[in-house]
Amino acid sequence: MADDTGSGTAARRRRRGIAMGAALGGCALVAVSTTPAAAHGGGGGRDTRYVSLGDSYTAGPLIPTQVDANCARSNHNYPSIVAAERSVTAFKDVSCSGATTENMWTAQGTNDPQLNALHRDTDLVTVQIGGNDVGFGSIIATCARLGPQDPTGDPCRRYYASSGIDQLAVNIAQTAPKVDAVLRAVHTRAPHARVLVVGYPDLLPDDGSGCFPSVPFAAGDFPYLRDTGKRLNLMLRLVAEWNRAEYVDTYGPTRGHDMCKAPADRWIEPLQPASPAAPAHPNAKGEQAMARAVLERLGKGHGRH
């Protein structure tokens, strides 16, 4: 992976600190920000040049209308809604389903490296990345396979902690410096841009309850996976703070609309979707909810959360 800003002792120390903070969990936010929030950049709507970077939660696979077959990207995903609402001057959405942080620098099928979309005159950037680095798809598949074998237990948690250490917590900690590198590269290529790091929505009931067999996870794995999602979002918030970026919480606004809810109420589709969306991904209502969260953050100006 290329490093647009170079490397040095201070940068390595900072990345190690981020990884350690992510692994520690809830106490990490109390003293993370030693860098002031961005005091420049666009995002005001008029004369704004907006670039969207991200993975499938950004792209909106299977949501009508699909405009990029390689990346399964919808023109009704949250960046498209934000761009329309803000009436931006120029809009480039290069989000791509399956993207990892590596795809910021490397091509993904017919999709160029995502960072190539940035320029010095870019005013606004949204970034939603990290879920695939942690192993989102394989985690869902593994937990769905193990759940029916012990529906009242926690076989998925035991699988990922079989060494005595929670491997998913390790994965999140190891992803932190990768997201850090992405944000540093964004600032280098678009030095005047307002940068928003978009978190992931609420996939499972926030109270830890389950809905087996419609979502085939074991009872004890619902709270485990909920907590893993929260740890991922905490890491993203921490890394955003370190890099003069703003964090957009999409978990809170989507709470109560997880994949266990009835079709009319859910914004995240289960493993067998009833609305046009990829399994365990936002449907059109979910993308609209994330767009509202981004728009609300933009409306707050450049101040810190």
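Taken together, the values in this text are just the output of simple stated rules run on the coordinates, not laboratory data. Predicted model only: the values in this text are computed from it and were never measured. Neighbour counts run over all protein chains shown; Cβ positions are idealised from the backbone, glycine included.
By how many nm would the segment from residue 209 to residue 138 grow when fully extended, if each residue of separation counts as 0.36 nm and the alpha-carbon distance is taken off? Walk me through the numbers on the way to the answer.
Details: separation 71, 0.36 × 71 = 25.56 nm, distance 2.20 nm.
Full extension of this stretch gives 23.4 nm more.
With θ set to phi - 60° and the Karplus curve 6.51 cos²θ - 1.76 cosθ + 1.60, what are the ³J(HN,Hα) couplings of the range 185-201 in order, to the nearest whole Hz, using x for Gly and Pro?
The phi angles translate into 5, 4, 5, 5, 7, 10, x, 9, 7, 7, 10, 10, 9, 9, x, 9, x Hz.
Quick one: which of 78-91, 260-273 comes out on top by average Cβ neighbours within 10 Å, and what's the full order, highest first?
The densest-packed peptide leads the list: 78-91, 260-273.
Roughly how far apart, in whole Å, are the Cα centres of the range 83-153 and the range 154-215?
12
What order, most packed first, do the peptides 153-162, 200-209 have when packing is the mean number of other Cβ atoms within 10 Å of each residue? Could the numbers behind the result be given before it?
Numbers: 153-162: 17.9, 200-209: 19.6.
In descending order of packing, they fall as 200-209, 153-162.
Quick check: residue separation of residue 274 and residue 165 times 0.36 nm, minus the Cα distance between them. What number comes out in nm? Walk me through the numbers before you get to the answer.
Numbers: separation 109, 0.36 × 109 = 39.24 nm, distance 3.65 nm.
Contour length minus Cα-Cα distance gives 35.6 nm.
Assuming R0 = 35 Å, what is the FRET efficiency of residue 145 and residue 84, from their Cβ-Cβ distance, to the nearest 0.05?
Values: r = 40 Å, r/R0 = 1.15.
So, using R0 = 35 Å, E works out to roughly 0.30.
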